[in-house]
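Please treat every number below as a calculation from the coordinates, not as lab data. Note that the structure is predicted; figures quoted are calculated from it, not measured. Cβ: placed from backbone, ideal geometry, glycine included. Neighbour counts: every protein chain shown.
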Amino acid sequence: MNKIPNRKVVNDTLMKYAKNNSDIVVLTSDSRGSAMLGPFASAYPDQFIETGIAEQSIVGVSAGLASVGKIPFVASPACFLSMRSVEQIKVDVAYSNTNVKLIGISGGVSYGALGMSHHSVQDIAVMRAIPNMTVILPADRFETEKMVEALLDRTGPTYVRIGRNPVEDVYESTDFDYTIGKANELHSGNDITIIACGETVKIALDTALELKTEKNISVRVLNMHTLKPLDEAAIIKAAKETGHIITLEEHSIYGGLGGAVSEVTAKNHPVPVTVIGIPDETVITGTSKEVFNYYGISIKNLKSTILKNIKIK
Amino acid sequence: MEIRKLEKKANKIRKDIIKLIYHAKTGHTGGSLSSTDIMTALYYHVMKIDATNHEDPNRDRFVLSKGHSVEALWCILADKGFFPKEDLQTYSNFGSKLIGHPNNKVNGVEMNTGSLGHGLSVSNGMALAAKMDQKQFRVFTLMGDGEQAEGSLWEGAIFAAHYKLDNLVGIIDRNRLQISGSTEDVMGLDPLNEKWKSFGWSVVEINGNDMESLVKTFDECSTTKSKPTLIIANTTKGKGISFIENQTQWHHKVPTDSEYEQALAELEAGEEEINE
């Protein structure tokens, strides 16, 4: 069982590259501890900026830094970063086209029992509606490392969401192809497709592996790590070849991965799309895992959904 | 540039603003006219900027946080050669880059604004980047007084003081009117001076329509150390045109044909006064 949270990978990868690139700067809003960026702050104090608990300030400052050539990475809880500062993201980052990387930490329902104020299950919907934003949810620690490297290789406004707790590994190493905007097929199959993002990818993959062994059902699994720009070709191909898509996300069933996939299928190749995520209600109290299970973001629910729909076909 | 020449330039910019708004049939007349002297002092005397080298990394930066006063900015940038003067005729037209708020697709515009309370924080980032890289450029941010009600602006105020951004100058165009009326009736701001001082800024209060005071203040505050400077520029909204001055409805009113003629006539007379 992996014990390394994606937050730590962000810190470690940035430290690796900050050494030879003094333009890389990290900003936190009293969140260096929760972002696990303490080591970066200690090693590179001249490339670390604390803004205090001020999410509008942190985004505006980052846009200003970027306009002068800095490469700012903002690490702040996803719930606050994606909501309190959404107008700064729209105007100072996306509209002004500044090279700001927003890292929403402890996203989704990571904060569990802390309640709705601390959950971010609308962030994908908000961010992907803003022109010029790239939106990414990495699936595990290896993909997080490759994502940070990819972000350093490109310029442009980006919102990333990562969770608080360690995620079980999806990949075995960093030895795989990773391109922002291109989905990764993790399991081949033509009976049905599951498209997942972020921490739900592992659940989708395990479901496919179990159904193959137990029932010889072949489930295609797409890791849609980039929500925007969306890999429409992979979605259309899955619709044509498997006839039914299930989307799985740690996000509201409105406007997130399910919405994005449905927009593509409706226009290009209409097929049934079953959207599994957080329903339109105040999230029940519990740990991430308890909340996932309660709302059917689970192997058990995926299996029964698939068995039900395979029969119909 | 000597004071008389700057005053004449400001008068010319005012004429350009009136022409721009009259022909486009849209614009924020009052606030552009109250800001004209401040922006003229900055662009023609204070700031190190060059239209032929507009991406110079060492250039001074200007952020129009009160983005709706963009007519003054467009007229100045055109006059300084950042884009052809003929482009002004496209202002607010379908597909034009010259929109009703600053647009950084136009040379000379550092950052898109329009929503109030954003300019100070982006300026903080620019000023901090200059410090980090030991660059000498200064950053100037022009805010409105109605804008002072935005909470995000005060996040920026504590940040600039905390990081001792003495290369940053905030200016408030204190014309005492906003779209609904007197700033003190809409949301009281006084004593504005004390508020900024208590946030750790070096505060100077001047007549923001007096070119000599503006030039002197901008020059002097460059030597202030360890603190950002805030200039409360007391201005007259609609400055320079008698029937526009201090009239709430001229926040974004467009002159009629006869008002247009009268406005230009008054500005012509104003120019003669400067010559004397």
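Rounded to the nearest 20 Debye, what is the dipole magnitude of segment B:129-190 about its Cα centre when Lys and Arg each give +1 and Asp and Glu each give -1 at the C-beta?
420
Using a 7 Å offset from Cα along Cα-Cβ at A:E87, what residues in segment A:37-75 end up with backbone N under 18 Å from the label point?
A:54-64
Could you give the angle, 0 to 90 degrees to the nearest 10, between helix A:299-312's Cα long axis and the longest principal axis of the Cα atoms of chain A?
The two axes meet at around 40 degrees.
For segment A:104-260, rounded, prolate or oblate, judged on the Cα gyration tensor with a ≥ b ≥ c (square roots of eigenvalues), a/c < 1.5 rounded, else prolate if a/b > b/c?
The shape class here is rounded.
Among rounded, prolate and oblate, which fits the protein assembly as shown when a ≥ b ≥ c are the square roots of the eigenvalues of its C-alpha gyration tensor, a/c under 1.5 means rounded, and a/b larger than b/c means prolate?
prolate
Taking amide hydrogens as modeled 1.01 Å from N in the peptide plane, which residues meet the under 5 Å criterion relative to A:I194, leaving out close sequence neighbours?
Amide H neighbours of A:I194, under 5 Å, 5+ apart: A:R220, A:V221, A:L222, A:I246.
Which of B:S96, B:S123, B:S226 moves most in a GNM of chain B, Cα contacts under 10 Å?
Its mean-square fluctuation being the largest, the pick is B:S96.
Can you give me the long-range amide H partners of B:R59? Hydrogens built in the peptide plane at 1.01 Å from N, cutoff under 5 Å, separation of 5 or more residues or another chain.
none
Taking a ≥ b ≥ c as the square roots of the eigenvalues of the Cα gyration tensor of segment A:185-313, is the shape rounded (a/c under 1.5), prolate (a/b larger than b/c) or oblate?
Oblate is the answer for segment A:185-313, as a/c is 1.5 or above yet b/c matches or exceeds a/b.
Can you return the lysines within cross-link range of B:K12? Criterion is Cα-Cα under 28 Å, with same-chain partners fewer than 8 residues away left out.
B:K25, B:K48, B:K66, B:K80, B:K85, B:K97, B:K105, B:K216, B:K237, B:K239, B:K253
Round to the nearest 10 and give me the degree value, 0 to 90, for the angle of helix A:201-215's Cα axis relative to the longest principal axis of chain A.
20
Quick check on the protein assembly as shown: of the DSSP beta bridges with both residues there, what percent are antiparallel, nearest 5%?
Among the beta bridges of the protein assembly as shown, antiparallel pairing accounts for roughly 10 percent.
Kindly give the semi-axes, whole Å and largest first, of the ellipsoid equivalent to segment A:28-104, taking each as the square root of 5 times a Cα gyration tensor eigenvalue.
19, 15, 9
Helix B:3-24: angle to the longest alpha-carbon principal axis of chain B, degrees 0 to 90, nearest 10?
It is inclined by approximately 60 degrees.
Among B:G27, B:G119, B:G81, which one shows the highest mean-square fluctuation when chain B is modelled as a Gaussian network with alpha-carbon springs under 10 Å?
B:G81
With an 8 Å Cα cut-off and a minimum separation of 6 or more residues, compute the relative contact order for segment B:55-156 in percent.
About 37 percent, as a whole number.
Project the alpha carbons of segment B:191-240 onto their principal axes and report the range along each, largest first, in whole Å.
For segment B:191-240, the Cα extents along the three principal axes come out at 36, 25, 10 Å.
Below 25 Å Cα-Cα, how many Lys pairs turn up in segment A:1-91? Only count pairs eight or more apart in sequence, or on different chains, if you could.
7
Which loop trypsin sites (Lys or Arg not before Pro) in segment B:16-86, with loop taken from DSSP, have no more than 12 other Cβ atoms within 10 angstrom of their Cβ?
B:K25, B:K48
Taking a spot 7 Å from the Cα of A:E263 along the direction of its beta carbon, which residues of segment A:103-130 have an amide N less than 11 Å from it?
So the set is A:125-130.
Go through segment B:81-86 residue by residue and turn each phi into a ³J(HN,Hα) via Karplus (6.51, -1.76, 1.60, θ = phi - 60°); whole Hz please, and just put x for glycine and proline.
Per residue, the Karplus-derived 3J(HN,Hα) values read x, 6, 8, x, 4, 4 Hz.
Would you be so kind as to identify which of B:N246, B:N167, B:W196 lies farthest towards the positive end of the dipole of chain B, taking Lys and Arg as +1 and Asp and Glu as -1 on Cβ and the Cα centre as origin?
Value: B:N167.
Would you work out which of A:C79, A:S31, A:G259 lies farthest towards the positive end of the dipole of chain A, given +1 charges on the beta-carbon of Lys and Arg and -1 on that of Asp and Glu, about the Cα centre?
The listed residue farthest towards the positive side: A:G259.
Taking 8 Å as the Cα distance limit and 6 or more residues as the minimum spacing, I'd like the relative contact order of segment A:44-113 as a percentage.
37
Between B:I3 and A:N20, what is the FRET efficiency for a Förster distance of 45 Å, r being their Cβ-Cβ separation, to the nearest 0.05?
So the FRET efficiency works out to roughly 0.35.
Convert each backbone phi in segment B:254-259 into a coupling constant with the Karplus relation 6.51 cos²θ - 1.76 cosθ + 1.60 (shift: θ = phi - 60°), then list the ³J(HN,Hα) values in order as whole Hz, x for Gly and Pro.
So the J values, rounded to whole Hz, are 9, x, 6, 4, 6, 5.
Comparing A:V100, A:V91, A:V74, which has the greatest mean-square fluctuation in the GNM of chain A with Cα pairs linked when under 10 Å apart?
A:V91
Test of the criteria: in segment A:172-263, which GluC sites (Glu not before Pro) are in a DSSP loop and have at most 10 other Cβ atoms within 10 angstrom of their Cβ?
Answer by residue number: A:E172.
B:L177's amide H: which non-local residues (gap 5+, or another chain) put their own amide H closer than 5 Å, with H modeled 1.01 Å from N in plane and none for Pro or chain starts?
Under 5 Å from the amide H of B:L177: B:T183.
Counting other C-beta atoms within 10 Å, and keeping those with at most 11, which DSSP coil GluC sites (Glu not before Pro) do you find in segment B:39-142?
B:E55
For chain B, what is the charge dipole size about the Cα centre, in debye to the nearest 20, if Lys and Arg each add +1 at the Cβ and Asp and Glu each add -1 at the Cβ?
So the magnitude is around 840 debye.
Would you mind calculating the relative contact order of chain A from Cα pairs under 8 angstrom and at least 6 residues apart, reporting the percent as a whole number?
Across chain A, relative contact order equals 16 percent.
Residue-wise, which Karplus ³J(HN,Hα) couplings in Hz belong to segment B:239-248, taking 6.51 cos²θ - 1.76 cosθ + 1.60, θ = phi - 60°, and x for glycine or proline?
Couplings: 3, x, 10, 3, 7, 9, 4, 6, 10, 3 Hz.
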